[in-house]
1. Can you tell me the FRET efficiency between A:M20 and B:R369 if r is taken as the Cβ-Cβ distance and R0 is 51 Å, rounded to the nearest 0.05?
2. Taking a 1.4 Å probe, which of A:T120, A:T223 shows the most accessible area, and what order do the others take after it?
3. Of B:T130, B:T152, which has the most accessible area with a 1.4 Å probe, and how do the rest follow in descending order?
4. A:F147 accessible area, nearest 10 Å², 1.4 Å probe?
5. Non-local amide H neighbours of B:G327 (under 5 Å, H modeled in plane, Pro and chain starts lacking H): which ones?
6. With every protein chain present, what accessible area does B:R248 have (1.4 Å probe, heavy atoms only), rounded to the nearest 10 Å²?
7. In degrees, nearest 10, range 0 to 90: what is the angle between the Cα axis of helix A:336-349 and the longest Cα principal axis of chain A?
8. To the nearest 10 degrees, how steep is helix A:242-258 against the longest Cα principal axis of chain A, on a 0 to 90 scale?
Protein chains: 2
Amino acid sequence: MPAPGENLKINGDRLWDSLMEMARIGPGVAGGNNRQTLTDADGEGRALFQRWCEEAGCTMGLDRMGNMFARREGTDPDAPPVYVGSHLDTQPTGGKYDGVLGVLGGLEIVRTLNDLGISTRHPIVVTNWTNEEGTRFAPAMLASGVFAGVHTEDWAYAREDAEGLTFGAELSRIGWKGDEPVGARPMRAFFELHIEQGPILEAEGKDIGVVTHGQGLAWVQVTITGKAAHTGSTPMPMRRNAGLGMARVLEQVDRIALSHAPDAVGAAGHIEVHPNSRNVIPERAIFTVDFRSPDLSVIRDMEARLKDGAKAICDDMGLSVAFERVGGFDPVTFDSDCVEAVRRAAERLGYSHRNIISGAGHDACWINRVAPTAMVMCPCVDGLSHNEAEDISKDWATAGADVLMHAVIETAEIVE
Amino acid sequence: MPAPGENLKINGDRLWDSLMEMARIGPGVAGGNNRQTLTDADGEGRALFQRWCEEAGCTMGLDRMGNMFARREGTDPDAPPVYVGSHLDTQPTGGKYDGVLGVLGGLEIVRTLNDLGISTRHPIVVTNWTNEEGTRFAPAMLASGVFAGVHTEDWAYAREDAEGLTFGAELSRIGWKGDEPVGARPMRAFFELHIEQGPILEAEGKDIGVVTHGQGLAWVQVTITGKAAHTGSTPMPMRRNAGLGMARVLEQVDRIALSHAPDAVGAAGHIEVHPNSRNVIPERAIFTVDFRSPDLSVIRDMEARLKDGAKAICDDMGLSVAFERVGGFDPVTFDSDCVEAVRRAAERLGYSHRNIISGAGHDACWINRVAPTAMVMCPCVDGLSHNEAEDISKDWATAGADVLMHAVIETAEIVE
């Protein structure tokens with residue numbers, strides 16, 4: 001089977017226009033989007049996507065989680081499809097590209113193949129996974145997780161939003177609960193194009209990130225307990241200052257992560273002290289350490305050293321310390337054939353590229369459990385995401401979709 | 001003039017009974033008191049104190065701030081009185097002794113002198129200063145501050161509580177706004193007995209703290225600004241972590257205070273980070289450094305080193321830092337003659353004692369500006385105060401009031 005020609009390109013203007021048209025649905029307050037999952041706006045976005053897919057000759061499948069599957073037929077009715085896609089839902093103050101680029105980039109592949117009259121042996125299915133963001137109904141990547149067998153359907157249906165509405169009831173209400181069993185689809189492969197949501201590609205001037213791994217994560221909530229006391233009348237040697245203990249542990253978190261440079265990271269984004277009064281020595285400090293690495297043994301090492309080190313610091317200061325693991329997932333190693341298809345595509349098209357590790361979770365991380373999977377990343381301005389100011393250039397979007405298409409159609413096998 | 005005899009003692013049981021009776025007014029929810037200033041309970045406490053004073057033969061004066069002055073006449077009508085007292089208002093979840101011991105300890109002096117038929121040349125005036133706590137109407141030590149000329153009457157009247165009620169209106173409402181001009185009283189001296197609100201005396205097994213100084217204070221609010229970024233997708237060298245910058249500054253605050261051991265102290269009780277999300281590098285950390293010392297030059301040195309050091313830390317980390325002085329007062333050096341009177345009293349009575357620096361603010365710190373002033377401290381359990389569990393023993397209260405009496409009547413001059 002031939003490789004796609006190096007001049008085969010998607011239509012960047014059309015992709016960009018579709019991104020802008022989708023962004024009109026569920027507008028934010030600052031130029032971005034608020035199209036949270038299973039809202040009326042989500043339903044409207046789905047309807048637009050369905051219309052576009054049907055106009056492009058696809059048939060739409062819909063499973064019981066509301067996952068959408070727009071199928072362009074292949075020449076071999078028995079060949080398992082190549083899947084491509086991401087998610088159309090957004091954060092409450094989200095951007096126009098997080099997720100959407102991966103779905104509409106998949107649609108743009110179909111439109112381009114139609115324009116050029118190109119057939120593939122394997123069908124191509126453009127997918128919109130329900131509730132990737134997880135802001136309204138936790139956890140994130142909910143429906144792809146059910147698809148991959150990580151969660152059960154009933155558990156997913158029972159997830160509640162802040163108003164007590166359930167995922168299942170809201171999915172029915174907006175009219176996007178299908179009949180199809182979840183996860184029953186054989187897949188030849190899955191490819192997801194996504195903005196980086198980090199600063200590396202832009203900083204290095206690279207067009208494409210070839211995603212080799214997804215970072216694993218451990219969230220360890222640390223509670224340090226000392227003794228509340230008056231900041232004026234308690235001599236320094238008699239203090240048991242939980243805030244100072246926290247400061248020393250935070251310094252240690254930094255050292256631990258740096259000891260596993262360059263891929264491991266560590267920090268605390270969540271920090272509270274009690275009673276949090278200007279003239280009371282903190283009695284308690286609670287903070288969550290976020291360690292990530294593409295290597296599970298590194299995550300385990302960082303957790304163990306955090307616990308040992310914090311214990312030693314606190315013992316020395318007359319403080320007590322407790323740990324709770326409040327979140328975590330294992331690192332993901334993407335399928336080497338799929339990753340190579342992405343790298344070959346970037347090479348063939350002449351786009352600059354580098355290997356990259358996905359720091360955030362994506363639907364691809366779950367789908368990788370049930371099908372050969374890889375991801376393509378494109379830069380985003382200043383690494384900014386989950387923010388209405390999220391931004392990319394049309395050139396970046398075009399390069400990402402070009403690489404996505406080449407990886408997809410090489411895997412789907414062009415029919416001469 | 002003779003010194004008081006070493007066998008001259010107050011009646012510790014009567015003092016304790018009065019403390020317990022006063023504590024029945026404005027009870028807390030956990031064994032302490034909620035008798036906040038200018039509430040009905042405050043009015044009830046004042047009425048009880050007035051009744052006791054009148055039963056002890058005193059006449060009550062009341063100024064336009066509601067400060068109460070119960071006068072026991074001296075033998076010389078022209079001699080300026082010796083003042084003794086503290087405050088009857090409490091924190092919302094306050095203890096039974098903070099302030100109250102100093103007022104009822106003063107009353108107990110009058111009762112004891114009456115019992116023993118002892119006269120003094122100078123009148124003795126037992127004082128209840130309005131709104132020492134400052135919880136309902138900030139700032140603390142409001143009415144003694146007006147008395148000492150630190151604040152104006154009109155400014156004090158305009159202070160508002162959380163419901164928008166003013167100090168002036170509430171003082172009238174409870175019926176304790178007098179006609180007497182504030183601050184017009186000549187004073188030979190002022191003595192205040194107070195619980196330590198710190199752990200030193202109990203830890204060292206001392207009966208009495210001879211208060212030589214009041215610590216000065218500087219509250220410096222520090223705002224460190226970095227850049228919000230995803231905890232997963234931002235490589236360590238590209239982070240500008242305001243939370244880590246804060247940790248390093250907190251460590252430095254500790255070192256700076258320890259460099260001025262043993263009297264200086266430093267810590268941050270108030271700490272916030274933004275956006276305070278587990279998977280976002282802190283963009284901003286805001287915290288208030290509380291530095292105290294009895295030496296103004298030490299406070300200035302600590303502030304300067306904090307600013308220089310934090311600037312260096314933040315420059316090195318790509319963070320910006322800003323400082324705001326959100327509170328402060330200068331150290332207080334109490335009157336040496338009054339301090340010596342307290343020390344002689346403890347010696348004469350055979351109580352163990354040590355010099356001590358008041359870490360908290362007290363009415364005496366303001367009155368020291370307009371009259372020779374000193375304080376007597378007694379231990380409190382575990383240094384605990386501003387807490388319903390605040391506790392002292394009857395022996396500690398008795399020793400404190402004994403020393404207070406001896407210092408007061410030595411200064412008021414016993415008439416043979």
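1. Efficiency for this residue pair is about 0.15.
2. Working: A:T120 0, A:T223 35 Å².
Ranked from most to least accessible, the order is A:T223, A:T120.
3. B:T152, B:T130
4. 10
5. B:W219
6. Probe radius 1.4 Å; accessible area of B:R248 about 70 Å².
7. On a 0 to 90 degree scale, this one is about 70.
8. Orientation of helix A:242-258: about 40 degrees from the principal axis.
The values are calculated or read from the model by the stated rules, or taken from the named source; none is laboratory data. Bear in mind the structure is a predicted one, so any value in this text is a computation, not a measurement. Using ideal geometry, Cβ is built from the backbone for each residue, glycine included, and neighbour counts are taken over all protein chains shown. Heads up: the accessible areas ignore ligands, DNA and RNA and are worked out on the full protein's heavy atoms, side chains in. Shrake-Rupley method; radii C 1.70, N 1.55, O 1.52, S 1.80 Å.
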